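> Here's a structure for you.
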């Protein structure tokens, strides 16, 4: 009995490793995302449904969501983009602390999570600037507005899709390999929808479709690879500097 008590004390002295599922801050953040999604759906459900119909049916009656929507709708949609970035940051946070355990030992979890969310926001902002600039150079204002609306629609719905994925990833002990497969599937599906919209908006002939494939790789595939490499280097920097 004495030996058992000593072993029990030794086991209790070992600190429990950090896990996102036991982090109250992440739980509160996800709970806020849930209430935000429910609130926005209750207020702008019809408008979101109309955006998806316009995307799938390639309707071009409206030139911009900024014209057709109210100020309240736009605030809700911007909050959905923020939610998409937050959930993407949580996914990156969970995956990288699994693949690089030194991160959770060297960097405070909330600092790391904030950095990943900030990277996602910066990435989307730069993509938005690039689309706006290229549309201003090569296309007319109407086509550019329709594409920005379509791109935004995908981001809105991506936020809803990522929420159950994040829950399974954190609270149901989803294996990293399965999480990577699901993540890749979502990325491929998203890029496929984007390419479909590109073909509908900007392609008029076979020659144009070949150029469109090159532009698509330059604007959609290569930035994703650069983002991944940049995150790896950022993690190495955080491990050595913090």
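> Let's test the formula: R0 of 41 Å, r as the Cβ-Cβ distance of residue 18 and residue 129. What FRET efficiency results, to the nearest 0.05? Can you show the working numbers first?
Values: r = 36 Å, r/R0 = 0.88.
After rounding to 0.05, the efficiency reads 0.70.
> When the Debye formula is applied to the Cα atoms of the range 23-241, each taken as the same point scatterer, what base-10 log of I(q)/I(0) results at q = 0.08, 0.13, 0.16 Å⁻¹?
The calculated log intensity ratios at q = 0.08, 0.13, 0.16 Å⁻¹ are -0.32, -0.83, -1.20.
> Could I ask something else about it? Working only with C-alpha atoms, what are the Rg and Dmax values of the range 114-242, expressed in angstrom?
My reading of the Cα-based Rg and Dmax gives 17.0, 54 Å.
> Can you tell me the order of 139-150, 213-224 when each peptide is scored by its average per-residue count of other Cβ atoms within 10 angstrom, highest first?
Ranked from most to least packed, the peptides come out as 139-150, 213-224.
Every number in this text was worked out from the coordinates using simple rules, so none of it is lab data. Model, not experiment: these values are computed from the prediction. No Cβ is skipped: glycine too gets one built from the backbone with ideal geometry, and neighbour counts run over all protein chains shown.
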